[in-house]
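Down below is the structure, laid out as structure tokens.
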Amino acid sequence: MTALLRPGLPGDAAATGEILYAFARDTDWMPLLHCRDETEMFCGVMIARGWVTVAVLNGRVAGFIARDGGEICSLYLARNAQGRGLGARLLQQAQHSAEQLELWTFQANAGARRFYERHGFRETLRTDGSRNDERLPDVRYEWSRT
């Protein structure tokens, strides 16, 4: 079944929050800084701001991207939805609607780094993580249509 991409709705906060919370909970190098409810509220704020596009598979939210203009703030998939091209579809939709995009990911997230590089993003900066909440070394990526 093909996934449907659509704008996030207020009722999607729980599903997107669970996807984001599960990533932090299940990733051994990622500190769990926020509880499930806080994560859901955070996703609700991004949805209310109009930043979120969700991928719906079999009637359920399977992933989402949050974008504030040219900045990708989040791109996460439910574990059981990975490897189906949903992340690529969400990212390609963002690339189609922007001239330039930028994002941060953690240096430890090798899978995400490979994913973004495969989609034309280039690394522009590395930091020690002292500026992010998690205090993890991170990488800035940029993409440009030209």
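Couple of notes before you dig in:
- For region 38-44, the Karplus equation 6.51 cos²θ - 1.76 cosθ + 1.60, evaluated at θ = phi - 60°, returns couplings of 5, 5, 4, 5, 4, 5, x Hz by residue, with Gly and Pro reported as x.
- Overall form of region 69-146: oblate. Here a/c, set by the Cα gyration tensor axes a ≥ b ≥ c, is 1.5 or more, and a/b is not larger than b/c.
- As a length-normalised measure over Cα pairs under 8 Å and 6 or more apart, the relative contact order of region 4-144 settles at 19 percent.
- Bridges between two residues of the chain, per DSSP, are antiparallel at a rate of about 95%.
- P(r) tail fraction, the chain - alpha-carbon pairs more than 17 Å apart, %: 61 percent
- Region 20-113: chymotrypsin sites (Phe, Trp or Tyr not before Pro) falling in loop per DSSP and having at most 10 other Cβ within 10 Å: Trp29
- Our Cα-only numbers for region 86-129 put the radius of gyration and Dmax at 11.1, 32 Å.
We did not get these values from a lab; they are worked out from the coordinates using the rules stated. If you're wondering where the values come from, they're calculated on a predicted model, not measured in any experiment. Methodologically, a virtual Cβ is constructed for each residue, glycine included, from the backbone with ideal geometry; neighbour enumeration extends over all protein chains shown.
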